1. Answer yes or no as to whether residue 140 is out of contact with any helix residue (DSSP H, G or I) (no Cβ under 7 Å at 6 or more places or on another chain) and in a helix (DSSP H, G or I).
2. Output the number of the condition that residue 146 fails; it satisfies all remaining conditions of (1) farther than 30 Å from residue 33 by Cα; (2) in a helix (DSSP H, G or I); (3) modelled with pLDDT under 85.
3. Modelled with pLDDT under 85 and either in the same structural domain as residue 50 (by TED's automatic domain parsing) or within 23 Å of residue 49 (Cα to Cα) (or both): does that describe residue 98?
């Protein structure tokens, strides 16, 4: 890992582009592909730091992985390896837009939470455990989306 830091510092001091440094990492760690995979995971973490991986960020990570010699299946595995990398857009989960006010979003959230609460499902006489479990998962998904929106907006 120390070698990654040395190459990273060198890259930060030049405007030569990232490709030569990605190649240098590939050449340094060709016998330990798991180290190259860790670099790709680190790039995904940086990309998702703002809760949204942009198309240029994805293109950059894809290009680095190609330079590393990482195949498509491994790239997909890395991209989907952590829950925070595959989260749904919280606004889409709630069916709201980013332009709506926090009060409007809260109203939609409360309505969805009320409709999807597992206790409401039970109160309707549904006893099938798989349906109750699905209601719990959906309710959790709604709660998680609302919490994520609050964090994005700096309200929590």
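1. Numbers: out of contact with any helix residue (DSSP H, G or I) (no Cβ under 7 Å at 6 or more places or on another chain): yes; in a helix (DSSP H, G or I): yes.
In short, yes.
2. (3)
3. no
The values are calculated or read from the model by the stated rules, or taken from the named source; none is laboratory data. What you are looking at is a predicted structure, and each value in this text was computed from that prediction instead of being measured. Here the Cβ is made from the backbone with ideal geometry for all residues, glycine too, and neighbour counts use every protein chain on show.
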